[in-house]
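The values are calculated or read from the model by the stated rules, or taken from the named source; none is laboratory data. Note that the structure is predicted; figures quoted are calculated from it, not measured. A quick note on method: Cβ atoms are made from the backbone with ideal geometry, for glycine too, and the neighbour counts reach across all protein chains shown.
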Amino acid sequence: MNFARVRKSLIAIAALVVAACGGSGSSGFDGAIKSEPEAIEKATTEGTCVDFKDTTYCASGAPVLIGDDSAAVDFDESSGPLPCPQLPGDPGCTTTVGFEPSGFPEAAVLLGAWAESERGPWTLSSVDSTVPGSGGEGDEDDDVVVVLPDAGDGEPSPVVIAVLVYLDAVPDDAPAVSLRLRGFEPDIVYVSSEVEVAPSGLRNEAER
Amino acid sequence: MPAKPIHKTNAPKGIRDFFYETRVLMGRDFTVKRFATEVLEGAVDPVMLGYVEKGKRLPNEALVRRLARVRGEPPASLIAVLYRDRMLYAFGRELRRALHEPADTEGVVDADLAVQVSRGVAALPDDGEWVTVKGWRDEIASAIRGKAKRADVDRVIALLRERGLVEQRGMRVRRAAKHFVASSPNERRALAMEFAAIFAKSLLDKLAVPESAASSHVRNHYLHIDRARIPQFYEKLEKSMRALVEEFAADPAADPKKTAEFLNVLITSTTV
């Protein structure tokens, strides 16, 4: 038996010894959150707020404590697919999802973002949807603008809407698109449940 | 016609499994009808025995005592299994009511999925060593039940892959994580049933089966604690328990093919 063969046999025996030990594990009803999609899923499923890596992820209407006061964002519930008309020359169809912020301090800034699922990637909504913080009087409905670039087939598409809350200021170098919401560096994120968007054909109607 | 004494396995068993196992080990000629009429001497209708073996009905105590005689063993252990199954049936029924779920789902077998998942996870080495998929499949199949179906093993493997608990490359597989979180309503109910089964068995072993009393550890620790520190307490408890479990699982003597038992350590803590 040469040296290489002896060495191979020893490795095989060592592997058998290792494999002989029993493994262990655990199971339960909750566990440590390991990713942003998990945090969003837990928040929206349980209707609450979940902390993950310096960002708080909340479901629509879930109160979050800011100092001694609580604040929240409520998304407008739609009973059916949202119409998403596409005008001639537009890069895609455009729709809006309404939300109502309440209790945030004056200095807070809210931005909108959307994605096809909680797994991202997330696209920042148009600048028009940037709204001032809603502290004090005059709370109003605001909109997150969603532009679906590929709306040609007319099939309803699911989207998830997020409202990013910055308690101080929006970072200057915030990206336009990010795989995860925390890439936009918000303090708090409110995420809607899945919304159906139905591209509709203003263009098609004009062509008829 | 007493059968040969049957070796104990560490696979989880309900009373249905003892009826099935005893009949099958007596030989392939013993159909349900023949076993009911000849071996159990007509103490049970063959149709009812079929239901008992499938877990759709629970036998009465007299029938279990008769089965113990057939197996040539004292009845206490089998009676304890029957009591545990009755408790689980009642627990499952009330749990479904509490969760507002339909009552037409099976009761006693609810815990199977959770048991199979724990066996699937424990069949992989703790240190992330790669093992063959075939070896892993065989180990799950032998651990979860003598009459495990291929579909049961496939279901467990698919679930563990989906949840990212295992990583597969070609024909090899290794563990990627250790903690399975029950997420769907069905999984949560299955896990609740498994936990209830572990608790019921621990208590019954301690109180009603003297020869098994030493294999169970049941103790209540109590203290006053600041409400705000409860999450910190649970975090430390989990870390301590994880370290203890991994220490003993790494023991070379913990070989499932030799003298090792599958030990469940159920932790429950609540304020009163």
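Structure above, values below:
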item	result
Subset tally (residues that are crowded, with 16+ Cβ neighbours inside 10 Å, within 21 Å of the chain's Cα centre (by Cα) and outside any strand (DSSP E or B)) for segment A:77-91	1
Lone unmet requirement of (1) of a type in the set (Val, Ile, Thr); (2) over 20 Å from the mean Cα position of the chain (by Cα); (3) surrounded by fewer than 20 Cβ atoms within 10 Å (Cβ to Cβ) for B:ILE157	(2)
Lone unmet requirement of (1) closer than 30 Å to B:ASP255 by Cα; (2) at pLDDT 90 or above; (3) outside any helix (DSSP H, G or I) for B:LYS8	(2)
Residue selected from segment A:47-59 under the condition not aromatic (Phe, Trp, Tyr) and not in a loop (DSSP other than H, G, I, E, B), by the criterion surrounded by the fewest Cβ atoms within 10 Å (Cβ to Cβ)	A:ASP51
Set B:VAL109, B:VAL121, B:VAL117: member being β-branched (Val, Ile, Thr), assigned to a helix (DSSP H, G or I) and modelled with pLDDT under 85	B:VAL109
Among the candidates A:ALA32, A:ALA62, residue that is in a loop (DSSP other than H, G, I, E, B) and crowded, with 17+ Cβ neighbours inside 10 Å	A:ALA62
When residues of segment B:53-100 are limited to those that are assigned to a helix (DSSP H, G or I) and touching a Lys or Arg at 6+ places or on another chain (Cβ under 6 Å), the one surrounded by the most Cβ atoms within 10 Å (Cβ to Cβ)	B:ARG84
Of residues in segment A:110-121 being closer than 15 Å to A:SER157 by Cα and not in a loop (DSSP other than H, G, I, E, B), the one modelled with the lowest pLDDT	A:TRP114
Count of segment B:220-264 residues which are touching a residue at least 24 places away in the same chain (Cβ under 8 Å), more than 9 Å from chain A (Cβ to nearest Cβ) and part of a loop (DSSP other than H, G, I, E, B)	2
Some residue of segment B:75-91 being modelled with pLDDT under 80 and either under 17 Å from the mean Cα position of the chain (by Cα) or away from chain A (no Cβ under 14 Å) (or both)	no
